[in-house]
Amino acid sequence: MALLTRGVARIITSGQATKLLSTTSMKSLSCGRGLSFTVSRMASSVRCTGRKAEVSPPSHRWFSTPAAESVRTASAIEKCPDCHSAMTGFRRVMIKDIDPSIAPVTAEVVDGKSIQLEWPDGHRSEFDWQWLQDRSFTQEARDQRREAKRRKLQLWGSEQLEKLQPVDFDALMTDEMALYDFFNTIDTVGLALTRNVPCKVGQQQRLAERIAYLRPTHYGLHESSVYSKPNTSNLAFTGQRLHCHTDMPQYSSPAGILLLHCVQEAEEGGENELIDGYHAAYQLKEKDPEAFHTLTTTPVSFAMHGKDYIRYDLEKTRPIISLNPEGEVVRICYANQLRSALMDVPVERVQPFYRAMRAWDDVLYHPDNCILTKLNAGEMVVFDNWRLVHGRRGFQGGRHVQTAYMDWDEVRSFLGVVRRERNLNN
């Protein structure tokens, strides 16, 4: 019945007591084995009859929440096939069938482990105490859930070069835990290095397919070969220096992960510059709050057009530094070489923007922040493209690097699957 998803509002826990709360005043009940809970003032009277608490019809509307709508326990699904699909776990109830004013008629503790609610139409819903605890609406519980989901970031500077622990490529191709540790490192530290990669095209696709697949771009469906080419529309396909940037800022959704595989190293030059953009952003915030505010609020257009695997004309406007609602840095989108000359800001904001850009550049290129390293043939560096700012020194000779991308959704899905299946805590 649709009522399964309607009425358990604002379920919170306090010690051993599980409570049902609304925005109105509360009436406390003691049911069964001394487990106490509270039913919101949904009714003109409430009475307890042994293990069953009877609630008379509600006298006013009360606030509905998603708590009861997201039942995922197998018992709840099995007991209410009309509300959830037992095969998929998906909710079947439509929003139009949810009555925000619905209230349970009775609430009964079952074996001290769950609570059973009866609704006006006679339908019964049963909720496990632990399931309710996990969805508590207390500030403490919500803070704990957010903290548990928060990425365990490790910020770093140039010292990180000495901490890089290269992983053998064969291990990534054969050992799921080695693969998990490798990409979990990218999620927390931002980059990882693998060695003994065969010096031929296709290795990034092999690695990606251990998890999901590569992200298609205007460079092609799979990998792209980066070496000096005549008549190119991309500065990367020359031997000139590439200043520090993130890839694909001109896309609505830039690829989350960048894979660089060195097939042939340059005879001279071609060193890579790697910078923790999150660390640099927080440094800027501390040293120059005004510049930080400017780069988090000024819309910047990044544009690119030309022909590669397809003809392309791409442009996206966004701040260089993006924050979440808590003010934490969540994405860097920066490529001065692709920054459009068109600025959608009042003229009086132009000079402060350039001043902020200069302050940002000074932080990025500070020797304490920048790793300078040269990839050797058979090495692959994989890093967070939403976090790392990278560049390349000019080079001479036949340097050949394969470039490919992955998306964070598939990678974090893989990490979550492994954690669940292997009961990992991190």
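The values are calculated or read from the model by the stated rules, or taken from the named source; none is laboratory data. Not measured: the values here are computed from a predicted model. Cβ sites come from the backbone with ideal geometry, for glycine too, and all protein chains shown count toward neighbours. Calculation scope for accessible area: heavy atoms of the full protein, side chains included, ligands and nucleic acids excluded. Shrake-Rupley method; radii C 1.70, N 1.55, O 1.52, S 1.80 Å.
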Extreme residue, modelled with the highest pLDDT, among residues of the stretch 71-89 that are open to solvent by 30 Å² or more (accessible area, probe 1.4 Å) and touching a strand residue (DSSP E or B) at 6+ places or on another chain (Cβ under 7 Å): K79
Could you list all residues from the stretch 335-362 that are open to solvent by less than 10 Å² (accessible area, probe 1.4 Å) and over 14 Å from T294 (Cα atoms)? A335
Only one of these conditions is not met by S224: (1) modelled with pLDDT under 95; (2) within 28 Å of the chain's Cα centre (by Cα); (3) open to solvent by less than 10 Å² (accessible area, probe 1.4 Å). Which number is it? (3)
Do the conditions hold for W386, that is, is it open to solvent by less than 20 Å² (accessible area, probe 1.4 Å), in contact (Cβ under 8 Å) with a residue 60 or more places away in the chain and in contact with a helix residue (DSSP H, G or I) (Cβ under 8 Å, 6 or more places away or on another chain)? no
Give me the pairs, please: first residue somewhere in the stretch 395-408 and under 20 Å from Q205 (Cα atoms) and assigned to a strand (DSSP E or B), second residue anywhere and open to solvent by 20 Å² or more (accessible area, probe 1.4 Å) and aromatic (F, W, Y), beta-carbon distance under 6 Å, and either six or more positions apart or on two chains. H400/Y227
Exactly one of (1) within 28 Å of V167 (Cβ to Cβ); (2) open to solvent by 20 Å² or more (accessible area, probe 1.4 Å) is unmet by G256. Its number? (2)
When the stretch 94-104 is examined, which residues are found to be among the β-branched types (V, I, T) and crowded, with 20+ Cβ neighbours inside 10 Å? I102
Hey, could you check the stretch 339-373 for residues that are free of Cβ contacts under 8 Å to residues at least 60 places away in the same chain and of a type in the set (A, V, I, L, M) and say which is nearest to R393 (Cα to Cα)? A341
If we take the stretch 274-389, then helices (runs of 4 or more DSSP H) inside it with 3 or more residues that are within 19 Å of H243 (Cα to Cα) are 277-287, 350-364
Looking at the stretch 392-426, which of the residues that are small (G, A, S) and modelled with pLDDT of 95 or more is surrounded by the fewest Cβ atoms within 10 Å (Cβ to Cβ)? G416
Suppose we keep only residues that are within 26 Å of G398 (Cα to Cα), at pLDDT 95 or above and of a type outside the set (D, E, K, R) within the stretch 264-315. Which one would you say is surrounded by the most Cβ atoms within 10 Å (Cβ to Cβ)? I275
Given the options T217, T246, name the one that is out of contact with any Lys or Arg (no Cβ under 8 Å at 6 or more places or on another chain), at pLDDT below 95, of a type outside the set (K, R) and buried (at least 20 other Cβ atoms within 10 Å of the Cβ). T217
How many residues does the stretch 247-273 contain that are outside any loop (DSSP other than H, G, I, E, B) and under 28 Å from the mean Cα position of the chain (by Cα)? 7
Would you mind stating whether D143 is out of contact with any Leu (no Cβ under 8 Å at 6 or more places or on another chain) and modelled with pLDDT of 90 or more? yes
What residue, of L117, L161, is in contact (Cβ under 8 Å) with a residue 12 or more places away in the chain and either open to solvent by 60 Å² or more (accessible area, probe 1.4 Å) or closer than 30 Å to V381 by Cα (or both)? L161
Go through V347, V329, V300 for me and flag whichever is over 24 Å from the mean Cα position of the chain (by Cα) and β-branched (V, I, T). V347
If the requirement is being without any contact (Cβ under 8 Å) to a residue 12 or more places away in the chain and not in a loop (DSSP other than H, G, I, E, B), which of these qualifies: V411, V417? V417
